[in-house]
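Notes for the one structure printed next.
What follows draws every value from the coordinates through simple rules; no lab data is involved. A quick note: this is a predicted structure, and the numbers were derived from the prediction, not measured. Counting neighbours? That spans all protein chains shown, and the Cβs are built from the backbone with ideal geometry, glycine included.
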Amino acid sequence: MNSKFELIYEGKAKKIFAHEDSDKVIIEFKDDATAFNAIKKAKFEGKGELNCLISSKIFEFLIKNNIPTHYLERKNDNLMIAQKIRIIPLEIVLRNIAYGSLCKQTPVKPGSVLESPLIDIYLKNDNLNDPLLTKDRINLLKIIDDKDLEFICKMTLRINKLLKTFFYNINIELVDFKLEFGYNSNGQIILGDEISPDNCRLWDLNQKNGTIVSLDKDRFRNDLGGFIEAYSEINKRINNFI
């Protein structure tokens, strides 16, 4: 990345740089992999490029289906140009199948298909380990008003329908995923962050006998091996489908 651009923010998986246009930013995808709030860390060559490629293609698909996102264009292998947004400090998690934290916190068994998609909302705050919020707590913290929260939840459900079909067409089950939203310079709420195997739980539908084969960050999180290979497989299937 050219050092002439000011670094605005660095997260676990991305760096955000200023752009010549003040309404835009440059997003650099890093090769870092983290889990358990960055307690577990590693670098994998090519991860940033794969996440940028996958996320760009998914954003383009969503934009074609009238979902407003911050994505503008992919500059090169691991750089994306996006609208500058004021991030809403909420992580919106949609679950189609019970897995992970839901099963640790409730009696629901892993792998249970949910009757309808479940939306969980977490406070985006690493120091507090991203706690689960209620609507009243969101109001208490004055993060967002009820109207905007309802808009975000409705958009998340629309995105889920689109992504479920998108992934099903490449023989992948969309188990759950995390979204982040923000306000652009016009005050419009748009989808931000990324959509990649880093923040989606994706199971390979090519497997037989009900065997779960993860093609996402669970391969790193749970020491399953084949981490980059799984991300490469996602990218390959998307390329073959588009």
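Odds and ends about this structure:
- As a rough footprinting exposure proxy, the listed residues Leu123, Leu94 were ranked by other beta carbons within 10 Å of their own, and the order from fewest upward is Leu123, Leu94.
- Qualifying trypsin sites (Lys or Arg not before Pro) in the range 122-155, DSSP loop, other Cβ atoms within 10 Å at most 10: Lys142
- Within the chain, helix-based [θ] at 222 nm, where runs of 4 or more DSSP H residues each add -39,500 (n - 2.57), nearest 500: -9000 deg cm²/dmol
- Coil-residue GluC sites (Glu not before Pro) of the range 13-67, DSSP, other Cβ within 10 Å capped at 12: Glu20, Glu45
- Across the chain, C-alpha contacts under 8 Å between residues 6 or more apart give a mean separation that, scaled by the residue count, equals a relative contact order of 18 percent.
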